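One structure below.
Nothing in this text is a laboratory measurement; each read-out follows from the coordinates by a stated rule. Bear in mind that the values here come from a model prediction, so they are computed numbers and not experimental data. Ideal geometry is used to build each Cβ from the backbone, glycine not excepted, and the neighbour counts take in all protein chains shown.
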Amino acid sequence: MTDSPTPPAEEQPEALSVEEMAARFRAARHRRAELAEEDRVQKQIEEAMVWGLHEGRSWAEVGRILGFSGSRAEAIARRR
């Protein structure tokens, strides 16, 4: 079992004021939302590229081009 990394002493919750902890929580929550949105956009790009590759090709061919199975290529295209 691995231990989770320990933040520096100045970042430990007991070293921060309530206001600092609340601000850091909100900042972390905001950053996670940004990352989630970026992930959604990147998935849309992947989907569009897979559909583009599928034009005139089988799913198996698309999968070979991208380095995985045809069923995985189709799943990406169909958001599964």
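Points to keep in mind about this one:
- Protection proxy ranking, peptides 55-62, 71-78, 14-21, average beta carbon neighbours within 10 Å, highest first: 71-78, 55-62, 14-21
- In terms of its C-alpha gyration tensor, the chain comes out prolate, because a/c is 1.5 or above and the ratio a/b outweighs b/c.
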